[in-house]
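Readers should treat all values here as calculations from the given coordinates under stated rules, not as data from a laboratory. What you see is a predicted model; the values in this text were computed from it and never measured. Because the Cβ atoms are built from the backbone with ideal geometry, glycine has one as well, and the counts that use them run over all protein chains shown.
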Amino acid sequence: VAQERRPLGPQAARGTVGLSQDPSIRRYYDQGREHARLSGGDGRLEFVRTQELVLRHLPPAPAAVLDVGGGAGIHAEWLARDGHRVHLVDPVPLHVEQATAAGQTAGFTAALGDARALEAADASFDGVLMLGPLYHLVEHGDRVAALREAARVVRPGGPVMAAAISRFASLFDGLKRGYVAEPAFLDTLRGTIRHGRHENPTGHPGWFTTAYFHRPEELRGEVEEAGLDLVELVAIEGPAGMFDHLEGRWEDEAWRSAALELVRAVEADPALLASGGHLLAVARRPVSAAAAG
Ligand SMILES: C[S@@+](CC[C@H](N)C(=O)[O-])C[C@H]1O[C@@H](n2cnc3c(N)ncnc32)[C@H](O)[C@@H]1O
């Protein structure tokens, strides 16, 4: 991983903070629903699984953790309460406001920032989370630029954990919620399946916003192109994210622990990697300068 600042990807605007990639992303998050996203429905599975995967790879507390695209602070909050020194960056002012407020109680800091051009110094964090930016950067060059920035600011050998939305997430979601019968959704879905680009020109609140949905091998390729060493590529929700079954079952301890055990058992099986909503690439910055290229 080279130490100098890399040029920004094609869609980024150096020197400005904000979502230069697409104004509809900012409009979507300005609705202010992000802070509650992981506390109900399918979000609980995503939250619990993300938490266990992050804990699997993060050094013990107190580690310096940079949460890039950390939103309203849902993960920063529990990490700070666990004793980590967390700083969150996000380009959406509302998220930074919400995270700053949460951070005052939980003990973490937040600031405006863009994954493609981080303010942090080289090798200044023990671990970097990037649970969001990759799927909002629709240009390949921007995603690799963001991963390179994560590789630059993490210490040699430190983990970078980058989430992606699976290529087939909107296919599963559209089938289970019936959206596929709506011509505008079907239209976008046809394209998403082919080339990964998801859009929501109607502004329908359940249809997300402009995003890029990865195939597992693309995520692997981008991580490696950024000069990181892939440690593992796993499905976050896996097959448990495919069906509309969480409501009413999540509170059932026997069901929940069986479901989590099964998801864990198949999390890295290539045949099921794209079965749920999200993928997680866990990578490390190479330790030696020679390996870093
Ligand atoms: C679905 S939210 C996820 C928030 C949180 N990390 C989580 O896991 O719940 C995606 C986040 O990525 C942020 N984001 C989008 N583009 C970004 C960029 N270029 N740099 C950093 N963050 C970005 C959004 O503002 C939003 O907060």
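Once the Cβ-Cβ distance of Asp122 and Glu232 is raised to the sixth power relative to R0 = 30 Å, the FRET efficiency obtained is 0.75. When you count the other C-beta atoms within 10 angstrom of each residue and take the mean per peptide, 168-180, 246-258 line up highest first as 168-180, 246-258. Only Lys, Arg, Asp and Glu carry charge here, each on its Cβ (+1 for the first two, -1 for the last two); on that basis the chain has a dipole of about 400 debye about its Cα centre. Indicate the gyration tensor shape class of the chain (rounded, prolate or oblate), computed on the Cα atoms with a ≥ b ≥ c the square roots of the eigenvalues: a/c under 1.5 is rounded; otherwise a/b larger than b/c is prolate and the rest oblate. Rounded shape, in that the Cα axes give a/c under 1.5.
Relative contact order for the chain: 20 percent, from Cα pairs under 8 Å spaced at least 6 residues apart, divided by residue count.
How big is the gap, in Å, between the Cα center of the stretch 45-117 and the Cα center of the stretch 239-270? Answer, in whole Å: 25.
Note on the chain: antiparallel DSSP beta bridges, both residues inside, total approximately 45 percent of the bridges counted.
Just to confirm a number: summing +1 for Lys and Arg and -1 for Asp and Glu over residues other than His57 whose beta-carbon lies under 12 angstrom from that of His57, what do you get? Overall, the nearby charge balance is -1. Let a ≥ b ≥ c be the square roots of the eigenvalues of the Cα gyration tensor of the stretch 138-197; is it rounded (a/c under 1.5), or, if not, prolate (a/b larger than b/c) or oblate? Here the stretch 138-197 falls in the prolate category. Under 5 Å between amide hydrogens, built in the peptide plane, is the criterion, and for Arg167 it picks out His214, Arg215 among residues at least 5 positions away or on other chains. Between Ala258 and Arg177, the FRET efficiency from the beta-carbon distance, with R0 = 30 Å, is close to 0.75. Which listed residue (His278, Ala101, Ser24) has the Cα farthest towards the positive end of the charge dipole for the chain, taking +1 on Lys and Arg C-beta and -1 on Asp and Glu C-beta about the Cα centre? My answer, from the dipole projection, is Ser24.
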